[in-house]
Amino acid sequence: MTEMLSGGDALIRALKDEGVELVFGYPGGAALHIYDAIFRQKDIEHILVRHEQAATHAADGYARTSGKVGTVIVTSGPGATNAITGIATAYMDSIPMVVISGQVPSSKIGEDAFQETDMVGVSRPVVKHSFLVQCAEDIPMIIKKAYYIARSGRPGPVVVDIPKDITSPHEKFAYSYPETIDIRSYQPVKKGHAGQIRKAMKQLLAAKRPVIYIGGGAILGNASEVIRKLVDELGYPVTNTLMGLGAYPGTAEKNLGMLGMHGTYESNMAMHHADLILVLGARLDDRTTNDTKKYCPDATIIHVDIDPTTISKTVQIDIPIVGPLDEVVNGMLEYLEQNEKRADPDALKTWWDQCNQWRQQHGIFKRPNHAPSKGELIKPQDVIKTLYKVTHGEAVITSDVGQHQMFAAQYYHFDWPRQWINSGGLGTMGFGLPSAMGAVFADRDTPVACVTGEGSIQMCIQELSTCSQYHLPVKIINLNNQALGMVKQWQDMNYEGRYSQSLYEESLPDFVKLAEAYGHVGIKVTRYEDLEEKMEEAFAMKDRLVFMDIYVDPTEHVYPMLVPEGSMRDMWVSKTERT
Amino acid sequence: MKKRIISILMENEPGALSRVVGLFSQRGYNIDSLNVAPTHDLSLSRVTLMTHCDDLVAEQITKQLNKLIDVVKVLDITEGRHIEREMMLIKVKAKGEQRTEVKRCSDIFRGQIVDVGPTYYTLMLDGDSTKLDGFIEALGDISVLEVVRTGVCGIAKSEKSLSL
Ligand SMILES: Cc1ncc(C[n+]2csc(CCOP(=O)(O)OP(=O)(O)O)c2C)c(N)n1
Ligand SMILES: [Mg+2]
């Protein structure tokens, strides 16, 4: 039986038929028919944020935590442009998201009407695809396509721009939701090339100094399980990108830790000296390669990725395999089942000895690169270690961007995928709190902590109000170093300590009072000896948002750090030591 | 840097061309010429795009184009044998003696005079881009008032075709 629906009702029904349960959004003129349709139904919960940027970050956090597509509704003009930062953030990290934007009525498009912005045009470079809806009857098919495109292949954000007249309650049409979808111009690869897999496996088993390099694609492609099996089977050292943390257990013996700009000494050294690197779902961007001309000089590189454009984009790849990661790694496991040959055990042992020696030399857990915390001196690294201890390593951690983000990545061991939520590609300050809200909606049973800095948190601080409305018990861990710490670190290292615009003078708010003003709990920590107890206290308040304002050493730097224009073995390992 | 002629078959939909063009500016690739029109199947458009780049960039361009949702197929036709054609309308000053000179030059290049005025000729020429460049050069002192070129369109020299 077909039902007659208006465009607005059809949109909400299509979302329901697509399985959407939750949307983040903010109303406005061009979206009012849609908002009226939301009011008249009960299937979809709408979360009212306080800024459209936060709507996109929240939907993004929800998507990263749940693996589902995040959904956003915003109005035209400023609503749409406010959403752009969050869309770009999702685009860079390949996060599935559908953003529905109201648009001025069709008849007014192009007239510079009130709150008109060419959303399809403005968002074009930061979306996987976009649609401008031209008649109400197209809504079900476009929504079906939008979600399919957002989640399939290499995921990404999709914009659906809908002029106001199309959602009008006065025009109805016979609604039906398409069951299947086929887009002739869009056929994501379903399988890796068997010949390439064989070729890769031969090289992989002949290697003497191999590294398995895991990126965010392993999480997006739900490949953690098979990758773990592959590592168990091969016994090779593993390294992860910032985006890949958690895809392979952080506490596992074979994990050398994160690589790249602030990666571990042992990971970066292993990369540089490897004779074979198996890259699984990563895009080898500049923060992970250092100078590509000096990149891993001895290594044969096998690169598995769902997106052919990532292959040889920055670094020349020897054996590319394009396909879904889980499927390709499964193919590799099958090969291992059918072939007895394994890597030369003596060579592998020598290689492991070398890796372990690097670990002993400058591993951040074996040999700390900073002084111990004591009294008023709280080292940010120790805050993360305490956070790990208090949460038993089981919290979902979101983060903002800066030193605190790198400390969180380095010192919290992520043992499962979707536990670490951060803006790796775009590096968007302001991402932490709203993405934590999305994470809470995705997983109500796991504590969610947002590791942030006093700079970043102020970029979406208004969301404390949203957290209050929806009772979101996020634990905010503010590593307050009274500075744009990462900027300051670069100014220390490259600009002789000229702190141009990285300090706030005496202008920081009292975050405890600020949290209280929004109806939350605030806790200030200035002594290391109080840290653990206060943090226990915070996490014991299971249904409250607690803002922990922790005063950390403002002079601390993040190490290791790759030396600019060097290879991967060129690092500062502390303020005074360079490799 | 080599000349590349890239053929693109894409959905004949609003926004599709802007995504192709946007890709080039966004990723810092050049477009030397661009030619687009619907095919015999009106739901599809065929784009021929000429650019200069090295092999690595050419590979990225074809992959990035393929990644666009509206794009059905992409072929770098300069990789194999192919035919390329471009059409040019050129208006030149032609008075007195010059009129025969222009006419003679046009004949050599198999051009046609398509419009005549007391002080000018408009000629039409087709061929590959170097031939059209050659004609402009051959005009020597004759002053060119206006040049309109379609941009290259091309097709591979085999039965293989860019189709659904
Ligand atoms: C929206 C945005 N603007 C600017 C930057 C550049 N940036 C990177 S880190 C940083 C400092 C962040 O300060 P804070 O949040 O206090 O973190 P800290 O480094 O002090 O831990 C800045 C300004 C950015 N990443 N994002
Ligand atoms: Mg700071």
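The values are calculated or read from the model by the stated rules, or taken from the named source; none is laboratory data. Only a predicted model underlies this, so the values are computations on that prediction, with no experimental measurement involved. FYI the Cβ positions are ideal-geometry reconstructions off the backbone, even for glycines, and counts take in every protein chain you see. SASA here: full protein model, heavy atoms, side chains in, ligands and nucleic acids out. Shrake-Rupley method; radii C 1.70, N 1.55, O 1.52, S 1.80 Å.
For region A:101-127, how many residues are under 33 Å from the mean Cα position of the chain (by Cα) and open to solvent by less than 40 Å² (accessible area, probe 1.4 Å)?
11
Of everything in region A:140-154 that's more than 13 Å from every other protein chain (Cβ to nearest Cβ) and in contact with a Lys or Arg (Cβ under 9 Å, 6 or more places away or on another chain), which residue is least open to solvent (accessible area, probe 1.4 Å)?
So the residue we want is A:P140.
In the list A:M486, A:M493, which residue meets the criterion of being within 16 Å of ligand 1 (Cβ to nearest atom), open to solvent by 50 Å² or more (accessible area, probe 1.4 Å) and part of a helix (DSSP H, G or I)?
Result of the check over A:M486, A:M493: A:M493.
Before we move on, is A:S423 in contact with a Phe, Trp or Tyr (Cβ under 7 Å, 6 or more places away or on another chain) and of a type in the set (S, T, N, Q)?
yes
Given the conditions (1) within 16 Å of ligand 1 (Cβ to nearest atom); (2) farther than 17 Å from A:R50 by Cα, report the number of the one that A:E463 does not fulfil.
Of (1) within 16 Å of ligand 1 (Cβ to nearest atom); (2) farther than 17 Å from A:R50 by Cα, only one is false for A:E463: (2).
For region A:281-318, how many residues are within 21 Å of B:Q60 (Cα to Cα) and assigned to a helix (DSSP H, G or I)?
Residues meeting the conditions: 9.
Looking only at residues in region A:402-421 that are open to solvent by less than 20 Å² (accessible area, probe 1.4 Å) and part of a loop (DSSP other than H, G, I, E, B), which one is farthest from ligand 1 (Cβ to nearest atom)?
Among residues in region A:402-421 that are open to solvent by less than 20 Å² (accessible area, probe 1.4 Å) and part of a loop (DSSP other than H, G, I, E, B), the one farthest from ligand 1 (Cβ to nearest atom) is A:Q419.
So, of the residues in region A:422-460 that are among the polar types (S, T, N, Q) and within 13 Å of the chain's Cα centre (by Cα), which turns out to be farthest from ligand 1 (Cβ to nearest atom)?
The qualifying residue farthest from ligand 1 (Cβ to nearest atom) is A:S435.
Out of the residues in region A:506-531 that are surrounded by 16 or more Cβ atoms within 10 Å (Cβ to Cβ) and of a type in the set (S, T, Y), which is farthest from A:P380 (Cα to Cα)?
A:Y518
For B:L75, state whether it is surrounded by 14 or more Cβ atoms within 10 Å (Cβ to Cβ), within 21 Å of A:I149 (Cβ to Cβ) and outside the structural domain of B:G140 (by TED's automatic domain parsing).
Against the criterion (surrounded by 14 or more Cβ atoms within 10 Å (Cβ to Cβ), within 21 Å of A:I149 (Cβ to Cβ) and outside the structural domain of B:G140 (by TED's automatic domain parsing)), B:L75 does not qualify.
Quick one: in region A:319-341, of everything that is farther than 10 Å from A:D305 by Cα and not in a helix (DSSP H, G or I), which residue is least open to solvent (accessible area, probe 1.4 Å)?
The extreme case among them is A:I319.
Answer yes if at least one residue in region B:2-13 is open to solvent by 60 Å² or more (accessible area, probe 1.4 Å), under 30 Å from A:R184 (Cβ atoms), more than 18 Å from the chain's Cα centre (by Cα) and at the interface with chain A (Cβ under 10 Å from one of its Cβ atoms), and no otherwise.
Scanning region B:2-13, I find at least one residue that is open to solvent by 60 Å² or more (accessible area, probe 1.4 Å), under 30 Å from A:R184 (Cβ atoms), more than 18 Å from the chain's Cα centre (by Cα) and at the interface with chain A (Cβ under 10 Å from one of its Cβ atoms), so the answer is yes.
Any chance you could count how many residues in region A:422-463 are away from ligand 2 (no atom under 16 Å from the Cβ), part of a helix (DSSP H, G or I) and buried (at least 24 other Cβ atoms within 10 Å of the Cβ)?
Residues flagged as away from ligand 2 (no atom under 16 Å from the Cβ), part of a helix (DSSP H, G or I) and buried (at least 24 other Cβ atoms within 10 Å of the Cβ) within region A:422-463 amount to 8.
Conditions: (1) more than 15 Å from ligand 1 (Cβ to nearest atom); (2) of a type in the set (D, E); (3) modelled with pLDDT of 95 or more; (4) under 30 Å from A:K575 (Cα atoms). A:E506 meets all but one. Number of the miss?
(3)
Pull out all pairs, ordered by first then second residue, where Cβ-Cβ is under 6 Å, the residues are six or more apart or on different chains, the first lies in region A:442-459 and is of a type in the set (S, T, Y), and the second is more than 16 Å from ligand 2 (Cβ to nearest atom).
That search, which allows pairs on different chains as well, returns A:T446/A:V396.
Going by the structure shown, is A:I306 free of Cβ contacts under 8 Å to residues at least 60 places away in the same chain, open to solvent by 10 Å² or more (accessible area, probe 1.4 Å) and within 16 Å of A:I214 (Cα to Cα)?
no
Would you check which residues across region A:281-301 are more than 17 Å from A:I212 (Cβ to Cβ), under 25 Å from the mean Cα position of the chain (by Cα) and open to solvent by 40 Å² or more (accessible area, probe 1.4 Å) and list them?
A:D286, A:R287, A:T292, listed by residue number.
Sort out which residues of region B:20-72 are within 9 Å of chain A (Cβ to nearest Cβ), charged (D, E, K, R) and open to solvent by 30 Å² or more (accessible area, probe 1.4 Å), and write them in order of number.
B:E59, B:K63, B:K67
Go through A:D326, A:D275 for me and flag whichever is charged (D, E, K, R), over 21 Å from A:L242 (Cα atoms) and in the same structural domain as A:I227 (by TED's automatic domain parsing).
Of A:D326, A:D275, the one residue that is charged (D, E, K, R), over 21 Å from A:L242 (Cα atoms) and in the same structural domain as A:I227 (by TED's automatic domain parsing) is A:D275.
Take the residues in region A:532-579 that are of a type in the set (V, I, T) and open to solvent by 60 Å² or more (accessible area, probe 1.4 Å); name whichever of them is nearest to A:Q405 (Cα to Cα).
Per the stated criteria, the residue is A:T555.
For region A:209-227, which residues satisfy the criterion of being of a type in the set (V, I, T) and either surrounded by fewer than 24 Cβ atoms within 10 Å (Cβ to Cβ) or touching a strand residue (DSSP E or B) at 6+ places or on another chain (Cβ under 7 Å) (or both)?
Once the filter is applied, which keeps residues that are of a type in the set (V, I, T) and either surrounded by fewer than 24 Cβ atoms within 10 Å (Cβ to Cβ) or touching a strand residue (DSSP E or B) at 6+ places or on another chain (Cβ under 7 Å) (or both), region A:209-227 yields A:V211, A:I212, A:I214, A:V226, A:I227.
If I ask for residues that are within 13 Å of A:G566 (Cβ to Cβ), touching a Cys at 6+ places or on another chain (Cβ under 9 Å) and β-branched (V, I, T), which ones from region A:259-301 would you list?
Listed by number, the list holds a single entry, A:T289.
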